[in-house]
Amino acid sequence: MQGQITAFYLFDVAESVDLGRLAALMKGATVPTRFAPRPAVPAYVQYQRPPLQLEAEALGLGSIDQWQVRFKIFDYGVVSVSLVQPFAGDWSTLIALSCRLTGEATLEQAAERRCRTLLDRIGPALLRPRSQFLSEDYLVVALTAFDGPITGEALLASEADHLAQLLRGEHEPLSVQERDEVVRHRLSYLATDLVIPTWSTAFVYDTAAGVQAALEILEYANSQLLEFRYYDELLDGELARIYKELETSRDYKSWRPRRYTRAARHVHALFIDVNELTDHTDNALKLVGDVYAARLLALVHSRLGVTAWRNSVHDKLKTLDEIYRFAVDQTGIERGELLELVVIAILVFELVLFFMGIMK
């Protein structure tokens, strides 16, 4: 068997990246990413704003042991560090490698160090850089050749046990039930290819060009997952803050002008920003003309949980919007009550002056 192992380590490093300025800073070292779909696909199936690629060797950062290092920078603030090495061997060697990579943190730490070194060089292109990184990792085992020709279905029929072990990172064989669950979510375009994604690892059997297209989709989906996780965490903090504010006891501050109005403006600004950025993340790659790529992306989304995270973000945005609309309405009611009390006080004062003979 021959192929390659790819380990993706993605970091949310900033709110956004100015790719034009980044290209200028790197002085021609960057290469725009071009999505390579299946043959006979319209040319508009591409990134709207192609992320930029940087080879670590070109930057003088070198490899990590036997892993070749490549950076991909998305304009929505995600840096993907991919580590690639060729593979040649049997199933036992491949499974042992998968188990080792699944359980160790050394490579991720090395990838983060490379990422921070890169950020030191491209700092001016970052908008609101993060001090702490949210991260995602994903392993892709891609095979391009066996001892003889084999179809995807034949490979699945003969090697389902090995594939399940590989994708779960287990040394021991899995149960029949678990094996069937692992390999059930799969996709093929031709008879001679096969993609099986899981939440942490994917298996790809295809030509070299087909492998690169699948890697592109898997990497993009993980960048989406990372962004939705970040905004979900951000909105959790915003919800906790406003709940605490609304639950405080009523005192003189409750009558302070524009108390909730200022907060409402803040959350609506956040609402607009998050909606804009999540929509941009969702629409960064257009797959309208490639049914297979769209199906693969949908399958990867379901296996990674991207759809669930996206829905969670939108639900929390809706909750925030409803809370602050209620708060602004309550402010209007309280102000109305205050004005009524002021009018009554003025009338009472005038009556007192009238009966005292001061006013006629």
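How about the stretch 313-360: which of its residues are among the aliphatic types (A, V, I, L, M) and either closer than 27 Å to Asn275 by Cα or at pLDDT below 75 (or both)? Reasoning before the result, please.
Of the stretch 313-360, the ones among the aliphatic types (A, V, I, L, M) are 313, 317, 320, 323, 327-328, 333, 338-339, 341-348, 351-353, 356, 358-359.
Of everything in the stretch 313-360, those that are among the aliphatic types (A, V, I, L, M) and either closer than 27 Å to Asn275 by Cα or at pLDDT below 75 (or both) turn out to be Val313, Leu317, Leu320, Ile323, Ala327, Val328, Ile333, Leu338, Leu353, Met356, Ile358, Met359.
Yes or no: His162 touching a Phe, Trp or Tyr at 6+ places or on another chain (Cβ under 6 Å) and more than 30 Å from Asp273 (Cβ to Cβ)?
Details: touching a Phe, Trp or Tyr at 6+ places or on another chain (Cβ under 6 Å): yes; more than 30 Å from Asp273 (Cβ to Cβ): yes.
Yes; evaluated as a whole, the condition is true for this residue.
Could you list, in sequence order, all residues of the stretch 160-209 that are buried (at least 18 other Cβ atoms within 10 Å of the Cβ), out of contact with any Pro (no Cβ under 9 Å at 6 or more places or on another chain) and of a type in the set (D, E, K, R)?
Hits for the stretch 160-209 are Arg168, Asp193, Asp206.
If the requirement is being over 14 Å from Thr6 (Cβ atoms) and either exposed (fewer than 13 other Cβ atoms within 10 Å of the Cβ) or touching a His at 6+ places or on another chain (Cβ under 8 Å) (or both), which of these qualifies: Ala125, Ala88?
Ala88
Restricting to helices (runs of 4 or more DSSP H) lying wholly in the stretch 68-168: which have 3 or more residues that are outside the structural domain of Thr278 (by TED's automatic domain parsing) and closer than 24 Å to Ser188 by Cβ?
Numbers: elements: 91-103, 106-122, 152-168.
Correct list: 91-103, 152-168.
Table: residues versus (1) of a type in the set (A, V, I, L, M, F, W, C); (2) not in a loop (DSSP other than H, G, I, E, B).
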{"position": "His171", "(1), (2)": "no, no"}
{"position": "Val195", "(1), (2)": "yes, yes"}
{"position": "Trp199", "(1), (2)": "yes, no"}
{"position": "Val204", "(1), (2)": "yes, yes"}
{"position": "Ala209", "(1), (2)": "yes, yes"}
{"position": "Glu216", "(1), (2)": "no, yes"}
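Say whether the condition of being modelled with pLDDT under 75, of a type in the set (A, V, I, L, M), part of a helix (DSSP H, G or I) and in contact with a Phe, Trp or Tyr (Cβ under 9 Å, 6 or more places away or on another chain) is met by at least one residue in the stretch 278-296.
No - not one qualifying residue is present in the stretch 278-296.
The values are calculated or read from the model by the stated rules, or taken from the named source; none is laboratory data. As the structure is a prediction and not an experimental result, all values here were calculated from the model. Neighbour counts run over all protein chains shown; Cβ positions are idealised from the backbone, glycine included.
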